[in-house]
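Notes for the one structure printed next.
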Amino acid sequence: MNVTLKDVAERAGVSRSAVSRTFTPGASVSAATRRKVEKAARELSYHPNALASSLTTGRTKLIGLVSNNFHNPIFLEVFDRFTRGLQDRGLRPLLVNLTDETDPENSVRMLRQYSVDGVVVASSTLPPLFSKAFRDAGVPVVHSFGRLSSTPEVHVVGIDNVECGRMAARTLLARGYTKVAFLGGPESATSTQDRYKGFMEELWGRDELTVTSSFAEAYSFQAGRKEMLRLLEGKTAEAYFCGDDVLSIGVLSAIAESGLSVPKDIGLLGLNDMEMAGWQNINLTTIHQPIRHIVNSSIELMITMLGDHDRYPEARIFPCKIVERGTLRPLPEPENPDAAAG
């Protein structure tokens, strides 16, 4: 049988309210009473019921962790870091799958049924109106991997996807590619739109270049593979910025099946730097997204919001960097001025 609060009270010789206060953070209880209650609890192997205590405190400590792309392996790391980070801080993550959800109000109703204290929207593809719907419902919300804005309506933590697109373009140019292409995820995704925008802006007006673009149906291996197989039926670019590692790996598979090689025939650049990208048989050159910093900062903001619901929304943006591996031509060797003079 489960040991109850009443059993502990009887063993300790105190009231049930004294036991309740002992296990309620911040509640007033004398040191002597606390010692007696804790001793009785140890002897009876009693553990306070978190759901029952929420009825007293009005706080469930549940944080809804919302996402919509469970096909992308990068989110295994995202969920791992979020769940461990929240649990380490005494909070309880509630994972919610919004794949194919189009109405943010449905999401708000579902999360309210669980009486969550806050929501983290962990998605680069859900539009801002999803996180805004939680804010309008009075639920503290942070949009991780969300779209950069100079005047955010909710807290946003992530990267500058436009700048990542520019970085990708500069990376391909530095290696001497003149026929380059953008192969993005779904066109409706804000991350795709911004990476495409930065890529095209950086290359605009360069008459010596041939620039093309196409889009996969999803951020997934199969979608990347399918789109590249289609492209291989015609003339291909010399190098592709695939906008995402998992798309890049699907593209890599299609290229290998066609009898071509990377980077000899076609160069590839991804984005995220997920663990799989560094595997020896993949060895993907990519743009590193600092997921650990994004997750930790998101959790920090959520904890702050739980104590200050009126905190003014801010955008926290983290820089990215190129991770050199083996799917692009190497950078040209710098000229040696001494050798040229000799």
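The values are calculated or read from the model by the stated rules, or taken from the named source; none is laboratory data. Fair warning: this is a prediction, and the values are worked out from it, not measured in the lab. Because the Cβ atoms are built from the backbone with ideal geometry, glycine has one as well, and the counts that use them run over all protein chains shown.
Among strands (runs of 3 or more DSSP E) entirely within the range 245-342, having at least 2 residues that are of a type outside the set (S, T, N, Q) and out of contact with any helix residue (DSSP H, G or I) (no Cβ under 7 Å at 6 or more places or on another chain) singles out 315-317, 321-323.
When L284 is tested against (1) in contact (Cβ under 8 Å) with a residue 40 or more places away in the chain; (2) under 20 Å from S123 (Cβ atoms), just one condition goes unmet, and that condition is (2). Residue pairs whose Cβ atoms lie under 7 Å apart, sitting 6 or more positions apart in sequence or on different chains, and linking a residue in the range 9-31 that is closer than 15 Å to H47 by Cβ to a partner that is in a loop (DSSP other than H, G, I, E, B) and not small (G, A, S), are T22/V29; F23/P48. Condition test on R59, is it in contact with an Asp or Glu (Cβ under 6 Å, 6 or more places away or on another chain) and at pLDDT below 85? Spelling it out, R59 is indeed in contact with an Asp or Glu (Cβ under 6 Å, 6 or more places away or on another chain) and at pLDDT below 85.
Just a yes or no: is a residue in the range 140-147 of a type in the set (S, T, N, Q), buried (at least 16 other Cβ atoms within 10 Å of the Cβ), under 24 Å from M274 (Cβ atoms) and not assigned by TED's automatic domain parsing to the domain that holds V66? Full working, then the answer.
As a first pass, look at the range 140-147 and keep what is of a type in the set (S, T, N, Q): 144.
Still in the running and buried (at least 16 other Cβ atoms within 10 Å of the Cβ): 144.
The next check asks that each one be under 24 Å from M274 (Cβ atoms); those that pass are 144.
Cutting the leftovers down to not assigned by TED's automatic domain parsing to the domain that holds V66 gives us none.
No, the range 140-147 contains no residue that is of a type in the set (S, T, N, Q), buried (at least 16 other Cβ atoms within 10 Å of the Cβ), under 24 Å from M274 (Cβ atoms) and not assigned by TED's automatic domain parsing to the domain that holds V66.
Taking the condition assigned by TED's automatic domain parsing to the domain that holds A218, modelled with pLDDT of 95 or more and buried (at least 19 other Cβ atoms within 10 Å of the Cβ), does A169 pass? Judged against the criteria, A169 is a match. Criterion applied to E153, E217 was being of a type in the set (D, E) and either without any contact (Cβ under 8 Å) to a residue 60 or more places away in the chain or surrounded by 18 or more Cβ atoms within 10 Å (Cβ to Cβ) (or both), and the one residue passing it is E217.
Somewhere in the range 228-236, is a residue of a type outside the set (D, E, K, R), closer than 30 Å to P334 by Cβ and in contact (Cβ under 8 Å) with a residue 60 or more places away in the chain? Spell out how you get there, then give the answer.
Within the range 228-236, the first condition is being of a type outside the set (D, E, K, R), and the residues that meet it are 228-229, 231-232, 234, 236.
Among the residues that remain, those that are also closer than 30 Å to P334 by Cβ are: 236.
After this cut, where a residue has to be in contact (Cβ under 8 Å) with a residue 60 or more places away in the chain as well, the list is none.
No, that holds for no residue.
Looking only at residues of the range 271-285 that are closer than 16 Å to F145 by Cβ and touching a strand residue (DSSP E or B) at 6+ places or on another chain (Cβ under 8 Å), we find that the one that is surrounded by the fewest Cβ atoms within 10 Å (Cβ to Cβ) is D273.
Within the set G146, G224, the sole residue that is of a type outside the set (D, E, K, R) and modelled with pLDDT under 95 turns out to be G146. What about A27, is it loosely packed, with under 15 Cβ neighbours inside 10 Å and closer than 26 Å to L91 by Cβ? Criteria met by A27.
How many residues are of a type outside the set (F, W, Y) and over 25 Å from S149 (Cβ atoms) when one looks only at the range 190-234?
We begin by selecting, within the range 190-234, every residue of a type outside the set (F, W, Y); these are 190-195, 197-198, 200-203, 205-214, 216-218, 220, 222-234.
Next cut, over 25 Å from S149 (Cβ atoms) only: 205-212, 214, 216-217, 220, 222-234.
So the answer is 25.
Among the candidates F318, F241, which residue alone is surrounded by 16 or more Cβ atoms within 10 Å (Cβ to Cβ), aromatic (F, W, Y) and closer than 30 Å to V156 by Cβ?
Numbers: F318 fails: surrounded by 16 or more Cβ atoms within 10 Å (Cβ to Cβ).
Answer to the check: F241.
Looking only at residues of the range 69-96 that are at pLDDT 85 or above and of a type in the set (V, I, T), we find that the one that is nearest to R292 (Cα to Cα) is V78. Put simply, of G176, G185 the only residue that is in contact (Cβ under 8 Å) with a residue 24 or more places away in the chain and surrounded by fewer than 22 Cβ atoms within 10 Å (Cβ to Cβ) is G176.
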